[in-house]
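What follows is a set of notes on a single structure, which appears directly below.
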Amino acid sequence: MEFNAIYVLVAREFKKFIRERSRLVSAIARPLIWLFLVGAGMSRLVSPAGGMSYTQFIFPGILGMTILFSSIFSSISIIWDKEFGFFREILAAPVSRLSIVIGKGLSGTVVSTIQAVIVLLLFPVLGLNLGLLQIIEVLIIAIALSFCISTFGILLATFYDSYESFSVIMNFIVMPMFFLSGAMYPVKLLPKPLAIATKLNPLTYGIDALKNAIFPVEEGPMSADFSLATDMAVILILSIAFVVIAARLFERKK
Amino acid sequence: MPIIKVENLVKSYGNLTAVDGISFEVEEGTIFGFLGPNGAGKTTTINVLCTLISATSGKAFIDGFDCAKEPSKVRKSIGIVFQDTTLDKDLTAYENLVFHAYLYGVKKSEIKTRVHDALNFVELYERKDDLVKKYSGGMKRRLEVARGLIHRPRVLFLDEPTLGLDPQSRANLWGFITEMPKKHNVTIFMTTHYMEEAEVCDKIAIIDNGKIIVEGSPEELKKTVGGDVVSLRTRDNNWSRQEIKKMFGIDAEEKDGELYLTTGKGDACIPELIRGLGDMVLSVKLQRPTINDVFLKLTGKAIRVEDVSGMSNIKEEVRAYRRRH
Ligand SMILES: Nc1ncnc2c1ncn2[C@@H]1O[C@H](COP(=O)(O)OP(=O)(O)OP(=O)(O)O)[C@@H](O)[C@H]1O
Ligand SMILES: [Mg+2]
């Protein structure tokens, strides 16, 4: 593994992230819209058990959504790099494909975790009470989930060469992933077929882990669906699988 | 030992054989020109040599390393300037080069000096903090050349380095390219379909339909299509023809009122002609065979119908450019 290369891939992503104001603004605006427009509106209709407001209930889901969008967006930039040629500069270098995948995966992890932290800071506004330990827990989950989704995004990017595919990925992969993740409604309340689809979705486990961390003592329909250990194990195993498969796919020479 | 060695290289895409059993060698410290029309197989060959695609059969070695078996060693010893830009337009020139240095594992303590030197070499130091999207085509190309040198490769591949540049930028870029073997201790492998550019090379191979049809120095190749042609208009063609016959022992051809004589050294015979014929001479023109003539003769077709904007003699343009700067 070439650590120089991994470092510089992350540094490049970070630099571009800081420079692109619009990306930062929309990254912060999206969760706000969901929390305060959708969440507040739905709160009138739905009043979850256990004294929790609907806005509070979707908070882990909105954190997950922030991670989903920012990680995928970062990884999908590989398609832009392919289109504009820069990816050949990376592929022609004496750097193993594994390092490239890990470097890009960590790039997504860094920018996505930053955005998740910004959203996390809203918790007092929502009337949530998080201890330091919980915040650290959320941070660790955010990092793991960001890496998992970023490497999944890299895998997607290996199949597409032009940015026209961006809307396909957004509409047919990212949006369904969001709605079938337990972000907006508890998995255990879903009809069977949807519940199965939800269980195949890596984001589900990330959001469930966040629920575990943010509402640790919750019981009843709004509580987490799996144990924190299960969630983390699934995220870890999937991350490794995505890295290995993506590296293999990049290795493939025509 | 040649620094690049290619043996019977074949690359097929399904039914299409893009590279069809080519062999050649490139000596260290030289400029090797790989010429051919669109779709001849130039880029495909470069991609195999750069280990970006694998060959269907045959072998290729760079600096003694097998391109198929030791790709990582090959990659360390080469620099590439691709046919299409591969710069990150949202980074500055400086950042692009630093990125490259890290990617190629250049020692941290050396990165700064190397990047500065490279930028100075291509005269872009002043613009180093501009985003690449603000660069002109010629500046981008120069930057890519500089980037290709950052990790001190043994061989630099240039795929159509001057494509789409205006004559001034082309001459400017050529100035840098011709300096490189000495200044940076690097061998240049370049492809082009501008015939005039090939004349700067030490050795040329012409490829057509995936096969090398001829190989040699520009002079050798030009000899195969005959020598220089001097054409002149005179006050008295008959008298002049006799004089020429006396001086050079050559029969000048008369066509449309002009005299044409074919000779090995056209430039040397012009002063003699003028001395011998005195004020009988109205005008003299020297036409030298070009690589295009070589290509035309071998394949029966022109390499490319394209206006080269008066860049008929690249060597002179480069010299003129250097004088101006
Ligand atoms: N990935 C590919 N799949 C199928 N055919 C290909 C592929 N790459 C190149 N070819 C074909 O191989 C032939 C040689 O292409 P190549 O790009 O090497 O030509 P070239 O000499 O570089 O031409 P140009 O001057 O236009 O750059 C062409 O017929 C091209 O269509
Ligand atoms: Mg080409």
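Please treat every number below as a calculation from the coordinates, not as lab data. The structure displayed is predicted, hence computed values, not measured ones. In this analysis, Cβ positions are derived from the backbone assuming ideal geometry, glycine residues included, and neighbour counts consider all displayed protein chains.
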- prompt: With charges only on Cβ, +1 for K and R and -1 for D and E, what is the dipole size of chain B about its Cα centre, in debye, rounded to 20?
  reply: 860 debye
Under the Karplus curve 6.51 cos²θ - 1.76 cosθ + 1.60, θ = phi - 60°, whole-Hz ³J(HN,Hα) for segment A:85-97, x wherever Gly or Pro sits: x, 4, 5, 5, 4, 6, 5, 7, 7, x, 9, 5, 4
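For chain B, what's the relative contact order in percent, using C-alpha pairs closer than 8 Å and at least 6 residues apart?
Details: 603 pairs, mean separation 63.3, N = 325.
Reported relative contact order: 19 percent.
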- request: Among DSSP beta bridges lying fully in the protein assembly as shown, give the percent that are antiparallel, nearest 5.
  value: 65 percent
task: Set Lys and Arg Cβ to +1 and Asp and Glu Cβ to -1, take the dipole of chain B about its Cα centre, and tell me which of B:224, B:56, B:214 lies farthest positive.
output: B:56
- prompt: How large is ³J(HN,Hα) for each residue in segment A:193-202, as worked out from phi by the Karplus curve 6.51 cos²θ - 1.76 cosθ + 1.60 (θ = phi - 60°), to whole Hz, x for Gly and Pro?
  reply: x, 5, 4, 5, 4, 4, 6, 8, 9, x
field: Residue-count net charge about residue A:1 - beta-carbon cut-off 14 Å; Lys, Arg +1, Asp, Glu -1
entry: +1
- line: chain B, Gaussian network, Cα under 10 Å: of B:35, B:131, B:97, the residue fluctuating most is B:131
- prompt: Tell me, what HN-Hα J-couplings in whole Hz come from the Karplus equation 6.51 cos²θ - 1.76 cosθ + 1.60 at θ = phi - 60° for each residue of segment A:19-31, using x for Gly and Pro?
  reply: 6, 8, 4, 4, 5, 5, 4, 5, 5, 8, 5, 4, x
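Calculate the dipole size of the protein assembly as shown relative to its Cα centre from +1 charges on Lys and Arg beta carbons and -1 charges on Asp and Glu beta carbons; express the result in debye to the nearest 20.
Working: 68 positive and 62 negative charges, 168 e Å.
The dipole magnitude comes to about 800 debye.
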query: Of A:186, B:264, B:17, which is farthest along the charge dipole of the protein assembly as shown in the positive direction, counting Lys and Arg as +1 and Asp and Glu as -1 at C-beta?
result: A:186
- prompt: Using bins 5 angstrom wide from zero, how does P(r) for segment A:35-127 break down, in % of all Cα pairs?
  reply: 3, 12, 18, 16, 12, 10, 9, 8, 6, 5, 2, 1
task: Show the residues, 5+ positions off or on another chain, whose built amide H is closer than 5 Å to the amide H of residue B:208.
output: B:213
- prompt: Mind listing which trypsin sites (Lys or Arg not before Pro) in segment B:90-193 are in a DSSP loop and have 15 or fewer other Cβ atoms within 10 Å?
  reply: B:107
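Do any of B:128/B:182; B:183/B:297; B:76/B:223; B:183/B:203; B:5/B:89 go past 27 Å between their Cα atoms, and which?
Details: B:128/B:182 25 Å; B:183/B:297 36 Å; B:76/B:223 39 Å; B:183/B:203 19 Å; B:5/B:89 35 Å.
B:183/B:297; B:76/B:223; B:5/B:89, as the Cα separations exceed 27 Å there.
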- prompt: In the protein assembly as shown, how does Rg compare with the Kirkwood Rh, expressed as the Rg/Rh ratio over alpha carbon atoms?
  reply: 1.16
- prompt: Considering the dipole of chain A built from charges on the beta carbon (Lys and Arg +1, Asp and Glu -1) around the Cα centre, which of A:34, A:165, A:145 is farthest to its positive end?
  reply: A:165
- prompt: Taking the Cα centre of chain A as the origin, how large is its charge dipole in debye, to the nearest 20, when only Lys and Arg (+1) and Asp and Glu (-1) carry charge on their Cβ atoms?
  reply: 520 debye
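Can you tell me, using C-alpha contacts under 8 Å and at least 6 residues apart, the relative contact order of chain A as a whole percent? Walk me through the intermediate numbers first.
Working: 334 pairs, mean separation 65.4, N = 254.
The normalised contact order for chain A reaches 26 percent.
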- prompt: For residue A:181, what is the net charge nearby, where nearby means another residue's Cβ is under 14 Å from its Cβ and Lys, Arg count +1, Asp, Glu -1?
  reply: 0
query: Given Cα pairs under 8 Å that are at least 6 residues apart, what percent is the relative contact order of segment B:96-169?
result: 35 percent
task: Scan around residue B:19 for amide H atoms under 5 Å from its own, H built in the peptide plane at 1.01 Å from N, and keep only partners 5 or more places away or cross-chain.
output: B:11
message: Given a 10 angstrom Cα cut-off, can you work out which residue in B:278, B:21, B:41 is the most mobile in a GNM of chain B?
response: B:278
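From the helices alone, meaning DSSP H stretches of at least four residues, give me the mean residue ellipticity at 222 nm for chain B, per-run term -39500 (n - 2.57), in deg cm²/dmol to the nearest 500. Intermediate values should be presented prior to the final figure.
Details: 12 runs with 124 residues, N = 325.
Taking each H run of at least 4 residues, the total per residue is -11500 deg cm²/dmol.
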- prompt: Peptide B:93-104: average number of partner chain Cβ atoms within 10 Å per residue?
  reply: 5
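With n ≥ 4 as the cut-off for DSSP H runs, can you work out [θ] at 222 nm for chain A, using -39500 (n - 2.57) per run divided by the number of residues, rounded to the nearest 500? It would help to have the intermediate numbers written out before the result.
Values: 12 runs with 179 residues, N = 254.
Computed ellipticity for chain A at 222 nm equals -23000 deg cm²/dmol.
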Peptide A:3-9, shielding by other chains (average Cβ, 10 Å cutoff): 4
field: Per-residue mean of C-beta atoms belonging to partner chains within 10 Å, peptide A:90-100
entry: 5
- request: Name the residues whose placed amide hydrogens come within less than 5 Å of the amide hydrogen of residue B:287, ignoring near sequence neighbours (fewer than 5 apart) on the same chain.
  value: B:229, B:230, B:231
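In Å, the Kirkwood hydrodynamic radius of chain B over pairs of distinct alpha carbons? List each step's numbers first, then the result.
Details: mean 1/r = 0.0460 Å⁻¹.
Taking every pair of different Cα atoms in chain B, averaging 1/r and inverting gives 21.8 Å.
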